[in-house]
Amino acid sequence: MSMYSLHECPPVTPERMEELHAKYLRERDRRIKKDFNDQYVPADGKWKDIYEVDPYTPVAPREPITGETDVVILGAGYCGMMVAIQLKKAGISNFYNVDHGGNFGGTWYWNRYPGIQCDNDSLVYMPLLEETDYMPSKKFADGYEIHDHCQKIADTFELRDNALFHTLINSLVWDEKLSRWHVGTNRGDDIKARFVVLAMGPLNKPKLPGIPGINDFKGKIFHTARWDYDYTGGEWRNPALTKLADKKVAIIGTGATAVQVVPYLAKHAGQTYVIQRTPSTIDLRNNQPIDPDWYKSQKPGWQQERIANFHHAAMERLAPKEPDLVVDIWTEISRNVNAELEAEGWPDISPEEFVKRRTLWDYRVMERLRDRCNVVKDPATAEALKPYYRYLCKRPASNDDFYPAFNQDNVTLIDVAETQGVERLTEKGFVHNGVEYEIDCLILASGYEVTNDLDRRWGIDTIQGANGLSIYDYWRDGYQTFQGMTANNFPNMFFTGFTQAAANASNSKTFVDQGFHIGYIASEALKRGAVRVEPSAGAQDAYIKHLRSIAVDNSEYTNECTPSYFNNEGDTKKKRSIFGEPWGEGYYAFEAMLKKWRDEGELKGLTLTTAQEVEPAE
Ligand code: NDP
């Protein structure tokens, strides 16, 4: 009996593959906008409230803080929390988690739209399940459950006393004399921090679609990252949107967020227009409760094992005979390749042959996913919903109610691919193919500033390192880091996420590991009496040179994708990718390299400076 459940997909002949490939390129070409990332409108000026205002928790007044601390962690979402926990484990407890939101959770604090769930296996995605003794209720947990689990993490690891909520950092300036960072905020703080960790995650700042006339629309408008339940009715934990019953609503976008929202609009709104530029891939969700008996039977260490297995299947390669523990859309291609190899008696195949097989399965899986659209009765709508691109060009989604919604009379698909977006907004609604559609409410599911220039994406006016150097200038042509986490000229500053490090298929795993590494460096620096730690220019250059020598070039794949934040909206000249410059040998090889570096105990490549060296005694 097979150890893999092969997912049936239509066969794809070489001729069909060629035909599809040509169509993929046509679908890409007709969508690429000349202004790429710049098409989007930032959430500032007239739109600043979309980003700045917290609709969920009242802001409590407080006095500005001007004292000293060991560490300021920018962020109290998954990343900020994981860093905080690791700092504590490394013996540093004098820090602040500074966050714009009113509680822990980051994206899971802000995003409360109806239908919100994680799209990844909860058992992989939700961090520290063993440490917090927590069993997620189902395979894809609801947003509020993840938010609540964040609170549990904060309580378990006693993070609350260190939190500074409703505080937006707007400047970080290195003070050479003090050997500290001045952390300036919108609350008038000037905190002098020994170290700063940037832990804002990739999806911190919403962006608006660039539509002519966006300032003209007079109806209700909000972004999914700040859902307005006062307007729609219902609430986060019970999203019965009763106040929309007599409303005409349009939602812009059909990305991972909109796919979750649309079924709720279809159920409650008088009329829903789903404005789609590029369709998502939407598999069956089949969201099942977690079996408590199975959960209890797991041996210590099970979560790390599952995370590694998911990472292999989703981003690298399932080893021969390695089981697929997660079994969902994210792992389907790997699973099917292995099922095939198993049936052939595990032949020893070359890397080229592996890529060939993966590619074929990519086309086959996409055919299967396109077939799913045929549940929509209107053939033109069904066709417009079909995604024509390689499987990982957009984030894969799963939902059982999205396609059936288009069989309802009150739901209309507005396909704006041909006009590269919504033609125009007016005072009363939107224009499509020369027809004005009047609406009461426009919901923006238009995503985040993930790949825009860093100053726009981070929203921090000033980040000034040694000799007044701005990080935005320093990194204008790409990241320059040592191990992805420190940078020459930016002493005592740590970076997280997709820089020049390695990406795990589970972000939360990356954040735990980066927090550990940062905790190690910061605590070692303190133990060794250093007030300043920074990679030398030589070590940084050598690191980058090596990183580039082992880089894997995926540009052919990404350049052939329809535009999105995954490929800088099709801007092939832009150097910074959403994934940064990942370690080409893979995530666990990167982790092994860091471990070896730590085990050597020399902090090789970093320059440590003591207080005496900064200001020699007279
Ligand atoms: P995306 O950036 O993925 O999608 C934005 C949508 O807006 C796209 O469909 C885009 O179309 C559309 N759009 C933008 N401008 C226009 C325009 N002018 N006219 C018409 N349409 C327009 O944002 P999401 O919020 O959906 O998702 C962002 C990320 O959030 C995901 O990739 C994922 O990482 C995360 N997420 C995670 C979830 C989870 O389960 N953990 C759930 C939901 C989101 P086009 O594609 O053509 O650009």
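Among residues of segment 119-141 being surrounded by fewer than 20 Cβ atoms within 10 Å (Cβ to Cβ) and without any contact (Cβ under 8 Å) to a residue 60 or more places away in the chain, the one that is nearest to I290 (Cα to Cα) is Y134.
Screening Y479, Y520, Y565 for residues that are at pLDDT below 95 and assigned by TED's automatic domain parsing to the domain that holds R180 leaves exactly one candidate, Y565.
Consider segment 506-529 and keep the residues that are charged (D, E, K, R) and surrounded by fewer than 17 Cβ atoms within 10 Å (Cβ to Cβ). The one that is nearest to K89 (Cα to Cα) is K527.
The set of residues in segment 58-85 that are β-branched (V, I, T) and within 14 Å of L164 (Cα to Cα) comprises V59, I65, T66, T69, V71, V72, I73. Among the residues of segment 369-401, just one is of a type in the set (G, A, S), within 11 Å of the ligand (Cβ to nearest atom) and within 20 Å of A417 (Cα to Cα), namely A397. Highlighted here are the helices (runs of 4 or more DSSP H) found entirely within segment 530-605 that include at least 1 residues which are under 19 Å from the mean Cα position of the chain (by Cα) and surrounded by 14 or more Cβ atoms within 10 Å (Cβ to Cβ): 555-559, 587-600.
In the set (1) in a loop (DSSP other than H, G, I, E, B); (2) within 12 Å of the ligand (Cβ to nearest atom); (3) not charged (D, E, K, R), the condition left unmet by N215 is number (2). Entry remark, segment 408-419: residues being assigned to a strand (DSSP E or B) and within 20 Å of T232 (Cα to Cα) number 2 in total. The lone criterion from (1) of a type outside the set (D, E); (2) free of Cβ contacts under 8 Å to residues at least 24 places away in the same chain; (3) in contact with a Leu (Cβ under 9 Å, 6 or more places away or on another chain); (4) surrounded by fewer than 21 Cβ atoms within 10 Å (Cβ to Cβ) left unmet by Y474 is number (3).
Kindly indicate whether V326 is under 29 Å from E131 (Cβ atoms) and within 25 Å of the chain's Cα centre (by Cα). Yes: the conditions hold for V326. Residues in segment 4-15 that are modelled with pLDDT of 95 or more and under 16 Å from R358 (Cα atoms): C9, P10, P11, V12, T13, P14. Considering segment 249-276, and only residues there that are of a type outside the set (S, T, Y), part of a strand (DSSP E or B) and within 16 Å of the ligand (Cβ to nearest atom), the residue that is surrounded by the fewest Cβ atoms within 10 Å (Cβ to Cβ) turns out to be Q276.
Return yes when R476 is in a helix (DSSP H, G or I), closer than 29 Å to W47 by Cβ and either more than 19 Å from the chain's Cα centre (by Cα) or within 16 Å of the ligand (Cβ to nearest atom) (or both) and no when it is not. Considered against the rule, which asks whether it is in a helix (DSSP H, G or I), closer than 29 Å to W47 by Cβ and either more than 19 Å from the chain's Cα centre (by Cα) or within 16 Å of the ligand (Cβ to nearest atom) (or both), R476 comes out as no.
Among the residues of segment 449-459, are any at pLDDT 95 or above and hydrophobic (A, V, I, L, M, F, W, C)? Looking for residues that are at pLDDT 95 or above and hydrophobic (A, V, I, L, M, F, W, C), one finds none in segment 449-459, hence no. Taking the condition under 27 Å from the mean Cα position of the chain (by Cα), modelled with pLDDT of 95 or more and acidic (D, E), does D70 pass? Taking the combined requirement at face value, the residue does not satisfy it.
Taking the conditions (1) under 30 Å from V355 (Cα atoms); (2) more than 14 Å from the ligand (Cβ to nearest atom) in turn, D283 satisfies each one other than (2). Within segment 480-506, the set of residues being among the aromatic types (F, W, Y) and assigned to a loop (DSSP other than H, G, I, E, B) comprises just one member, F498.
None of D324, D246 is at pLDDT 95 or above, part of a loop (DSSP other than H, G, I, E, B) and within 30 Å of I221 (Cβ to Cβ) except D246. A240 falls short on exactly one of the conditions (1) among the aliphatic types (A, V, I, L, M); (2) in a loop (DSSP other than H, G, I, E, B); (3) within 16 Å of the ligand (Cβ to nearest atom), and that condition is (3). Restricted to strands (runs of 3 or more DSSP E) entirely inside segment 420-471, those with at least 2 residues that are within 16 Å of the ligand (Cβ to nearest atom) and crowded, with 16+ Cβ neighbours inside 10 Å are 429-432, 441-444.
The values are calculated or read from the model by the stated rules, or taken from the named source; none is laboratory data. What you see is a predicted model; the values in this text were computed from it and never measured. Cβ coordinates were reconstructed from backbone atoms using ideal geometry, including for glycine residues, and neighbour counts include every protein chain displayed.
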